[in-house]
Amino acid sequence: LCILETQVERTRVESLAGSIGFTNSFAVSSSGRSGGLGIFWNDETKVEVNGYSEYHIDVLVDDLMDTRIWLTFVYGEAQVSERYKTWDMLQGIAGTGGLPWAVMGDFNEVLHASEHDGV
């Protein structure tokens, strides 16, 4: 399980693990009232955190399928002028593991202006 835009400190997110039915967690603190990511898993799944930033958590998952896989959880930069940071980070990760790779999360991107509501 991954939660995005937690808006709280890492320790608070990690303390939720047991109360939501998981035995393990890893989190990245928010920056004030913006951002923050947390992932949760149980002992049956082996998860190794390989990297993280304010925009992502990158993990290697074993025992989920027949092969190991890379997962990258993303919370993209909200400011239009800063979104390149998210894409630069993903470009740096791409292909480094030599394994199947899935990227998921909120990229804070829209294809058409009609998809965007609000400021």
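The values are calculated or read from the model by the stated rules, or taken from the named source; none is laboratory data. Every value quoted in this text rests on a predicted model; they were computed, and no experiment measured them. As a convention, Cβ positions derive from the backbone with ideal geometry for all residues, glycine included, and neighbour counts pool all protein chains shown.
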Inset, instruction - Say whether the condition of being closer than 22 Å to GLY38 by Cα, at pLDDT 90 or above and not small (Gly, Ala, Ser) is met by at least one residue in the stretch 103-117. - result: yes
Legend entry - Among the candidates SER29, SER34, SER19, SER25, residue that is in contact with a Lys or Arg (Cβ under 7 Å, 6 or more places away or on another chain) and of a type in the set (S, T, N, Q): SER29
Legend entry - Hits in the stretch 1-22 (condition: at pLDDT 80 or above and either within 20 Å of VAL61 (Cα to Cα) or crowded, with 16+ Cβ neighbours inside 10 Å (or both)): LEU1, CYS2, ILE3, LEU4, VAL13, GLU14, LEU16, ALA17, GLY21, PHE22
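Results for (1) among the charged types (D, E, K, R); (2) in contact with a Phe, Trp or Tyr (Cβ under 7 Å, 6 or more places away or on another chain); (3) surrounded by 19 or more Cβ atoms within 10 Å (Cβ to Cβ), shown as yes or no for each residue.
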position	(1), (2), (3)
ASN24	no, yes, no
SER31	no, no, no
SER34	no, no, no
LYS46	yes, no, no
TYR55	no, yes, yes
ASP58	yes, yes, yes
MET65	no, no, no
Inset, instruction - Among the residues of the stretch 2-56, count how many are out of contact with any Ser or Thr (no Cβ under 9 Å at 6 or more places or on another chain), closer than 11 Å to PHE73 by Cα and in a loop (DSSP other than H, G, I, E, B). - result: 1
Legend entry - Selection status of TRP87, modelled with pLDDT of 90 or more, among the aromatic types (Phe, Trp, Tyr) and over 19 Å from ILE3 (Cβ atoms): no
Inset, instruction - Please go through the stretch 59-87 and pick out each residue that is within 21 Å of ASP43 (Cβ to Cβ) and in contact with a strand residue (DSSP E or B) (Cβ under 7 Å, 6 or more places away or on another chain). - result: VAL59, LEU60, VAL61, ASP62, ASP63, ARG68, ILE69, TRP70, LEU71, PHE73
Inset, instruction - Evaluate the following for THR86: is it within 15 Å of the chain's Cα centre (by Cα), part of a strand (DSSP E or B) and without any contact (Cβ under 8 Å) to a residue 40 or more places away in the chain? - result: no
Legend entry - Hits in the stretch 97-107 - residues which are in contact with a strand residue (DSSP E or B) (Cβ under 8 Å, 6 or more places away or on another chain) and either surrounded by 12 or more Cβ atoms within 10 Å (Cβ to Cβ) or part of a loop (DSSP other than H, G, I, E, B) (or both): GLY97, LEU99, PRO100, TRP101, VAL103, GLY105, ASP106, PHE107
